[in-house]
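**Q** Provided herewith is a single structure, encoded as structure tokens, for subsequent inquiry.
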């Protein structure tokens, strides 16, 4: 079977060549995330003429295929516009500027979503105007730079619509803007964005499970490398990179400095706002990555999956030694804290412990960890005053 997904989605010529190669190899079936609704019709027709099953994903082609997996992208964009307009109206905002931040200009999926968003916005919310449409080619630094430039040049910006791979990162960037530019408490900013993101997901999916998903996608989280689950290796890679950045790079020192005392860091020449934007953007990117892995693990897109994970993430970090007051914590500690949480959950299930008791135990662990961190902070302050 030939399987072509997002890695080649932006290049029509590459996809045509891949399909033709699959035809010459006489495969049984082709699963294709087509970059265009029409450009691949010829090779799809040739494949089907040789009794090769062709299933399209995400973008529905105009020729006959053997199946389609995906959503109406124009409708998805329109739903995003409706949700954005409703959220702004709830805050009393009926006029303002909107930025569209897209990944690749030539991909039909992106074109349909962006078009649906623009048409719905113009139709139902005439006071909201699109002032810029940027393309970042799925490059996160480019996306962050583009958004930051538009924000700097347009203080009247009230909304950002982002599609595809940069969406999670843009959510993190918005969190960073709320904290850095509007001085909102981090917990409130991220909690509010959590509620918004969940609502958007439920609206876009109609609160329905998206299934089936391609086997190759499910194999990302369910596969094995050297006899160990692929998720284990992903954890190791992410942890090693994060530890290196925090312990060995200037940016990591900046993160600890801002977490300790933002004003002192600013007076020392640390670009506090940029550090905050970067930290929250990275957090959003990793959260999006975790969502992809969870979906792959489950083999279906479940809108309510991950509910309550935010408390487990807080618990794992705090148990691992991360201070809620900032400037303290190591990557290895957070990993060990997450392992302790997993051991508690899995061990309790194996021993037949009531899961409600496990929730109580986790809550108590969080309280105890925060309390001991508070005592340690008091001891440190007393020693500093004494000296």
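The values are calculated or read from the model by the stated rules, or taken from the named source; none is laboratory data. All values reported here derive from a predicted model rather than from experimental measurement. A quick note on method: Cβ atoms are made from the backbone with ideal geometry, for glycine too, and the neighbour counts reach across all protein chains shown.
**Q** Go through (1) at pLDDT below 75; (2) under 24 Å from residue 73 (Cα atoms) one by one and return the number of the condition residue 203 breaks.
**A** Condition not satisfied by residue 203: (1).
**Q** Something else: Just to confirm my filter: which helices (runs of 4 or more DSSP H) fall fully inside the range 231-322 and include at least 1 residues that are in contact with a strand residue (DSSP E or B) (Cβ under 9 Å, 6 or more places away or on another chain) and within 27 Å of residue 195 (Cβ to Cβ)?
**A** Passing ranges, in order: 272-298.
One line per residue, one yes/no per condition, for (1) farther than 22 Å from residue 331 by Cα; (2) surrounded by fewer than 13 Cβ atoms within 10 Å (Cβ to Cβ):
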| residue | (1), (2) |
| --- | --- |
| 235 | no, no |
| 243 | no, no |
| 249 | no, yes |
| 267 | yes, yes |
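**Q** Restrict the check to the range 339-354 and report whether at least one residue is crowded, with 18+ Cβ neighbours inside 10 Å, in a helix (DSSP H, G or I) and at pLDDT 85 or above.
**A** Within the range 339-354, none of the residues are crowded, with 18+ Cβ neighbours inside 10 Å, in a helix (DSSP H, G or I) and at pLDDT 85 or above.
**Q** Follow-up. Let me confirm something: among 299, 284, 288, 321, which residue is within 24 Å of residue 253 (Cα to Cα), under 18 Å from the mean Cα position of the chain (by Cα) and at pLDDT 75 or above?
**A** Of 299, 284, 288, 321, the one residue that is within 24 Å of residue 253 (Cα to Cα), under 18 Å from the mean Cα position of the chain (by Cα) and at pLDDT 75 or above is 284.
**Q** Are there strands (runs of 3 or more DSSP E) fully within the range 1-114 with at least 1 residues that are within 28 Å of residue 206 (Cα to Cα) and either in contact with a helix residue (DSSP H, G or I) (Cβ under 7 Å, 6 or more places away or on another chain) or at pLDDT 70 or above (or both)? List them.
**A** Fully inside the range 1-114 and qualifying: 2-4, 29-32, 53-57, 96-102.
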